[in-house]
Amino acid sequence: MPAKLYVTPGSHPSMTARLMLEHKGIEYRRIDLIAALHKPLVRVFGFSRTTVPALKIDDRRIQGSRDISRALEDLSPGRPLFPADAQRRAAVEDAERWGDEVLQPVPRRLSWWALKRNSSGVRSFLEGAKLGLPIGLAARTAGPLIWASARLNKADDAAVHADLAALGGMLDEVDRLIGEGVIGGDVPNAADFQIVTSVRLLMCFDDLRAIIEPRPAGALAMRICPDFPGHVPTVLEPSERPAVLAS
Ligand SMILES: N[C@@H](CCC(=O)N[C@@H](CS)C(=O)NCC(=O)O)C(=O)O
């Protein structure tokens, strides 16, 4: 039976899992769930936590993009996600952890905060998703779920303003990892797949795309993850535009 990957539209770690499964050439069926409603649903499907990506493969249930990268590596060692050399592997694992713990929450908070401010882009995130209802209807009724997701992710003005202030440094870190060859090689590794989906989601924002696109981080995100449905029109007030945007 093919693997099943539970995702939500616009979920960047879900895209990380999709890209890793495709990299490994593992056949899978994608199950799209509606954000916020997915939290109880993944529990109903037998997973222990409430997050996506959630992968059912060979009767195993694995949650979390970093646990998924390791499980895929064990199940299918071809096209490795981690270098064989111990020192290089440690660098990739560190970068993957940073991508998961530090970078990943930033585009998540920004997305829910921005959609709460202007929900006109919500339909674009649903493109291609099979939610069991027409995407026009899903988009029109998304208001309470956007509000709930913003609240669940603590995506308030203070958190988002801090994220915007930190964004330039985070993009510098991605560029540094590329410069040092930890990510950005000819064949992507687990840290590439972890980090580029966050950068790619940030590039869905009209407010941010132009400053990310010319950077090594932007080029790498477009190379590894060219297709990421979603478009967030300009939402930032001039006073909220981070220093990185002003330069
Ligand atoms: N960092 C973890 C967690 C992913 C995560 O937080 N996913 C969000 C969607 S992008 C989610 O399912 N949130 C629901 C929750 O926090 O309960 C990973 O990379 O898998």
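For the stretch 70-133, applying the loop criterion from DSSP together with a ceiling of 14 other beta carbons within 10 Å to the trypsin sites (Lys or Arg not before Pro) yields LYS130. Please list the non-local residues whose amide H lies under 5 Å from the amide H of ILE31, H modeled 1.01 Å from N, same-chain partners needing a gap of 5 or more. HN-HN under 5 Å from ILE31: LEU5, TYR6, VAL7.
How large is the Rg to Rh ratio of the chain when both quantities use alpha carbon positions and Rh follows Kirkwood? Before the final figure, lay out the partial values.
Details: Rg = 17.5 Å, Rh = 18.4 Å.
Ratio of gyration radius to Kirkwood radius: 0.95.
All C-alpha to C-alpha distances of the stretch 3-75, sorted into 10 Å bins beginning at zero, yield P(r) values of 22, 61, 17, 0 percent in whole numbers.
Using a 10 Å cut-off around each Cβ, can you sort LYS24, LYS154 from fewest to most neighbouring Cβ atoms?
On the way: LYS24 19, LYS154 13.
Ascending number of Cβ neighbours within 10 Å: LYS154, LYS24.
Normalising the average separation of contacting C-alpha pairs (under 8 angstrom, six or more residues apart) by the number of residues puts the relative contact order of the stretch 86-246 at 34 percent.
Nearest 5 is fine: what % of DSSP beta bridges in the chain come out antiparallel, could you say? Each step should come with its number before you reach the end.
Numbers: 7 of 13 bridges.
Antiparallel bridges make up about 55 percent of those DSSP assigns within the chain.
Charging the Cβ of each Asp and Glu at -1 and of each Lys and Arg at +1, and nothing else, the dipole of the chain about its Cα centre rounds to 1020 debye. Under 5 Å from the amide H of VAL232 lie the amide H atoms of PHE205, ASP206, each residue being 5 or more positions distant or on a separate chain, with H modelled from the backbone and absent for Pro and chain starts. Please identify which residues in the stretch 201-219 have an amide N closer than 15 Å to a label point set 7 Å out from the Cα of GLU240, following the Cα→Cβ vector. Only 205-209 pass the distance filter. Computed from label points 7 Å out along Cα-Cβ, the spacing between ARG223 and LEU131 is 3.4 nm.
In this rough spin-label picture, where each label sits 7 Å from Cα along the Cβ direction, the HIS231-ALA84 distance is 4.6 nm. Taking 16 Å as the cut-off, no amide N atom of the stretch 186-203 comes nearer than this to a point 7 Å along the Cα-to-beta-carbon line of PHE45.
The string of couplings for the stretch 206-219 from the Karplus curve (6.51, -1.76, 1.60, θ = phi - 60°) is 4, 5, 10, 4, 5, 8, 8, 3, x, 7, x, 4, x, 5 Hz, one whole number per residue in order, with x for Gly and Pro. Computed from backbone phi, the HN-Hα couplings of the stretch 96-112 come to 5, 5, 4, x, 6, 7, 9, 7, 4, x, 5, x, 5, 4, 4, 5, 5 Hz, rounded to whole numbers (Karplus: 6.51 cos²θ - 1.76 cosθ + 1.60, θ = phi - 60°; Gly and Pro given as x). Structure note, pairs LYS116/LYS154; LYS4/LYS116; LYS56/LYS154; LYS24/LYS154; LYS24/LYS56: Cα-Cα distances above 23 angstrom occur for LYS4/LYS116; LYS56/LYS154; LYS24/LYS154. Karplus-based coupling profile of the stretch 226-232, in residue order and whole Hz: x, 10, 9, x, x, 8, 10, with θ = phi - 60° in 6.51 cos²θ - 1.76 cosθ + 1.60 and x standing for Gly or Pro.
Looking at the stretch 155-247, which GluC sites (Glu not before Pro) are in a loop (DSSP not H, G, I, E or B) and have at most 16 other Cβ atoms within 10 Å? Let's see the in-between values first.
Details: sites: GLU173, GLU180, GLU240; in loops: GLU180.
The qualifying sites are GLU180.
No value in this document is a laboratory result; all are computed from the given coordinates. Keep in mind it's a predicted model, so treat the numbers as computed, not measured. Neighbour counts run over all protein chains shown; Cβ positions are idealised from the backbone, glycine included.
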